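Taking it in order: structure first as structure tokens, then the write-up.
The values are calculated or read from the model by the stated rules, or taken from the named source; none is laboratory data. Not measured: the values here are computed from a predicted model. Cβ placement follows ideal geometry from the backbone for every residue including glycine, while neighbour counts extend to all protein chains displayed.
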Amino acid sequence: MNHPLYVAFIWHQHQPLYKSSQYMSGVMGKYRLPWVRLHGTKDYLDLVLILQRYPNLHQTVNLVPSLILQLEDYAQGKAIDPYLELALMPVEKLNREQKQFIIEHFFDGNYQTLIAPHPRYSQLYQQREDKGKLWCLKNWGNQDYSDLLAWHNLSWIDPLFWDDPEITTWLKQGKNFTLSDRQRIYSKQRKIIAQIIPQHRKMQEIGQLEVITTPYTHPILPLLADTNSGIVALPEITLPQYRFSWEEDIPRHLHKASIVYFNRFAKKPRGLWPSEQSVSPAILPYIAKVGFEWISSDEAVLALSLNQVFHRNEAGILSQPELLYRPYRLETPHGDLAIVFRDHHLSDLIGFTYGSMNPRQAALDLVKRLDGIADSFKKEQYQGKTSLEEPWLVTIALDGENCWEYYQQDGLPFLECLYQQLSDSEHIKLVTVSEFLDKFPPKVTLPAEKLHSGSWVDGSFSTWIGDPVKNKAWDLLTQAREVLAQHPESTEKTNPHVWEALYAAEGSDWFWWFGKGHSSNQDAMFDKLFREHLYAIYQALNEVPPQDIFEPVQDSNLISVDSNPQGFIHPQINGSKDRHNWEDGGRIEIGGSRGTMHRSSAVQRLFYGWNDGNFYLRLEFKVGVRVERDLPNELHLFWYYPGKILYNSKIHLLDLPDESPLNYLFHHHLGMNLSTDSIWFQEAGENDTWYEKQTNAILACDRSLELAVPWEDLGMKSGYSIHVIAILANDGKFSASFPEKDLIIYQHP
């Protein structure tokens, strides 16, 4: 039988529980952050409406229960977050503290796609960046605040809805927004959000979508079963002081997720997206017993389960594709589960790379890679076969909301081109996971006990446990859980508030943001929300909470220090102020942290890191720094490879100090003109010469300088140690080096 290449897209839609669990005067706590509302108008409805235009393409969408419940609150007007309260307030009544909050937080979002396209919004942003927050506080008038409040909400409405007459009017108006305008923008948000769940149900009923679910509040199930499971991937990991081991909470999260799903979609969910693609042998019986038929995880988990190393060629094609592109059977005491593993490389291209490319080129690149996977199978078949003899499934699974913030028009041109190409293809067929499994059940059994305990982040749980701050949060949670266990009379029927608070505190997101790895402009609020959920447990039990709950888990005033990379990074290369997705990389403090030498440096800190496709560099500027005004016009990177016999050449820059490591000889040179964004790449040859080479490096320079260089450019094999120095120069004349007297060390994965 002949087959196309089957492809299953799984979009993961998730937000943590932003509503405080504190229960006062008969009313549950307030919403603390606006991200369900803002992503609700930008990311969930448009994704499936675009797909609806291509009826032959089928996909899978995961809607997390905590997201569904919050979307419904907003649609019904029950959810009012602090950002929305300010947006609906007469600006003449704003006090100084509220104005400070607006100046600080109402530019949160990617500058290039959400702020820069709108002149008035960009003008206010530039004033804050160039003149400072205090200047804005002293000089902005009521109209400035009113316009900013409007644009913060308007810019998050997806471009797919811009043909709406009211939205078109607001976009053309651009400024001089009134309270009435802001109220009507909020009404438009509610109307968009109200369509999300019904549209998903409609498309599932006609067969174009499969909607799946996740454990209730998105907990890491293996860590609920036993925090000691963290040592499976990282035996050297430092565990919390107290061991959290409450397997009985697993079926609670699964049952509640099933109920939320059934009440919206009038059927039981077949698929389960384990939170953060985190799996372990211990959780499988619970998943099967509740009635789920399949789960998904990451290729790193599969590789570790099979004790394999997946190798890709320069085009990203696996050398053993048959291992990844098929479902596996997991046997449990309560029946079999199917499991599919996502192609990490393809998923990350959509999540972290294609947003900085031309949309059409990016879409064509993905289709070309899928064709390459099909060709790799055909080469193993009898000669002359132009179709596949076996049904292979490529699973592409990723966050379905955050990546679009970095795409042109929130991903619309990319998705339209991609979907048209896939609709026209005779050799690629998009299916839901259940569609594929119904026709082609798994033939290969993966012994359940051999399933690796890990997540889609490096195949480990280090993003959520092992850091001192993360461990402190686990200890606080463990203490609260043990207090609840001492109250058997508090069941979900007799005391539902205590259990809802526990479920909220068990969510993964708090641990994601604690400690090293990730940071945002809302770190303090995430910290507060976590502690409010814990406090609500003690409150509902009439127990006295420990003093630690009233103090931040993480000291936000700690001075940043140098750090080594913690894992792979997948940053967007856009030169924005946002350092999201860089926090797992290495960090070197420069400006103001190295004595007198660099106090006047325009560069504040340097981030660096890598993944299996690229290595990355980011120079983070001080507030107010403008590239063409305050920086030299060239950046140069020089590489050398210890222990490798290669041609090497010296650095050809004027006024170069004759000191280590600037007087070393190097093998590769990447030059960049920051004024023109032009890039050139060179390799050393005989007699101290440099020869031009092709490069696919990506550079972006605005509020920061960000660079991605493919490993392919260097031609080095995996495992090599690579030493790099960054140098700023003015028209070929040396200006400064970073680090000052050292080299950055990368490790080719």
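So which residues in the stretch 143-200 are part of a helix (DSSP H, G or I), under 24 Å from residue 66 (Cα atoms) and among the aliphatic types (A, V, I, L, M)?
192, 193, 194, 196, 197 - these are the residues of the stretch 143-200 that are part of a helix (DSSP H, G or I), under 24 Å from residue 66 (Cα atoms) and among the aliphatic types (A, V, I, L, M).
Consider the stretch 108-121. How many of its residues are in a helix (DSSP H, G or I) and either among the aromatic types (Phe, Trp, Tyr) or under 25 Å from the mean Cα position of the chain (by Cα) (or both)?
Count: 6.
Just wondering, is there one or more residues in the stretch 591-599 that are of a type in the set (S, T, N, Q) and at pLDDT 80 or above?
No - not one qualifying residue is present in the stretch 591-599.
Go through the stretch 403-427 and give me each residue that's within 19 Å of residue 346 (Cβ to Cβ) and either buried (at least 19 other Cβ atoms within 10 Å of the Cβ) or aromatic (Phe, Trp, Tyr) (or both).
403, 404, 406, 407, 411, 414, 415, 417, 418, 419, 422
Which of the residues belonging to the stretch 212-233 are of a type outside the set (Asp, Glu), surrounded by fewer than 24 Cβ atoms within 10 Å (Cβ to Cβ) and not in a helix (DSSP H, G or I)?
Hits for the stretch 212-233 are 232, 233.
Checking the structure you have, find out if any residue of the stretch 83-105 is at pLDDT 95 or above and touching a Pro at 6+ places or on another chain (Cβ under 6 Å).
yes
To keep it simple, each residue is scored yes or no on (1) at pLDDT below 90; (2) touching a His at 6+ places or on another chain (Cβ under 8 Å); (3) surrounded by 15 or more Cβ atoms within 10 Å (Cβ to Cβ); (4) within 22 Å of residue 577 (Cβ to Cβ).
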{"site": "701", "(1), (2), (3), (4)": "yes, no, yes, yes"}
{"site": "704", "(1), (2), (3), (4)": "yes, no, yes, yes"}
{"site": "707", "(1), (2), (3), (4)": "no, no, yes, yes"}
{"site": "711", "(1), (2), (3), (4)": "yes, yes, yes, no"}
{"site": "715", "(1), (2), (3), (4)": "yes, no, no, no"}
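Let's see how each residue does on (1) surrounded by fewer than 23 Cβ atoms within 10 Å (Cβ to Cβ); (2) of a type outside the set (Gly, Ala, Ser); (3) in contact with a Ser or Thr (Cβ under 6 Å, 6 or more places away or on another chain); (4) farther than 24 Å from residue 503 by Cβ:
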| site | (1), (2), (3), (4) |
| --- | --- |
| 238 | yes, yes, no, yes |
| 248 | yes, yes, no, no |
| 256 | yes, yes, no, no |
| 282 | yes, no, no, no |
| 311 | yes, yes, yes, yes |
| 319 | yes, no, no, yes |
| 324 | no, yes, no, yes |
| 343 | no, yes, no, yes |
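I want to confirm something. Restricting to the stretch 354-373 and keeping residues that are surrounded by 22 or more Cβ atoms within 10 Å (Cβ to Cβ) and touching a residue at least 60 places away in the same chain (Cβ under 8 Å), which single residue is nearest to residue 113 (Cα to Cα)?
The qualifying residue nearest to residue 113 (Cα to Cα) is 355.
Against the condition closer than 26 Å to residue 148 by Cα and β-branched (Val, Ile, Thr), how does residue 50 come out, does it pass?
Against the criterion (closer than 26 Å to residue 148 by Cα and β-branched (Val, Ile, Thr)), residue 50 does not qualify.
For the stretch 79-100, give me the residue count where each residue is more than 25 Å from the chain's Cα centre (by Cα) and assigned to a helix (DSSP H, G or I).
11
If you check 231, 220, 237, 212, which single one turns out to be assigned by TED's automatic domain parsing to the domain that holds residue 264 and free of Cβ contacts under 8 Å to residues at least 24 places away in the same chain?
Every option except 231 fails the conditions.
Among (1) modelled with pLDDT of 95 or more; (2) assigned to a helix (DSSP H, G or I), there is one condition residue 240 misses while meeting the rest; what is its number?
Failing condition for residue 240: (2).
Residues that are touching a Leu at 6+ places or on another chain (Cβ under 8 Å) and outside the structural domain of residue 321 (by TED's automatic domain parsing): which helices (runs of 4 or more DSSP H) entirely in the stretch 388-496 hold 3 or more of them?
468-485
Please list, ordered by residue number, the strands (runs of 3 or more DSSP E) wholly in the stretch 648-726 having 1 or more residues that are within 13 Å of residue 636 (Cα to Cα) and among the small types (Gly, Ala, Ser).
Strands (runs of 3 or more DSSP E) meeting the threshold: 668-673, 678-685.
If I ask for residues that are surrounded by 22 or more Cβ atoms within 10 Å (Cβ to Cβ), over 15 Å from residue 257 (Cβ atoms) and of a type in the set (A, V, I, L, M), which ones from the stretch 288-306 would you list?
Passing the criteria: 300, 301, 302.
Going by what's in this entry, would residue 352 be described as among the aromatic types (Phe, Trp, Tyr) and in a helix (DSSP H, G or I)?
yes
Mind listing just one residue for me: the one in the stretch 516-571 that is assigned by TED's automatic domain parsing to the domain that holds residue 475 and within 30 Å of residue 612 (Cβ to Cβ) and, of those, modelled with the lowest pLDDT?
Here the residue is 517.
Which one of 284, 302 is of a type outside the set (S, T, N, Q), under 27 Å from residue 512 (Cα atoms), more than 25 Å from the chain's Cα centre (by Cα) and not in a strand (DSSP E or B)?
It is 284.
In contact with a Phe, Trp or Tyr (Cβ under 8 Å, 6 or more places away or on another chain), among the acidic types (Asp, Glu), surrounded by fewer than 17 Cβ atoms within 10 Å (Cβ to Cβ) and not in a strand (DSSP E or B): does that describe residue 380?
Answer is no for this residue.
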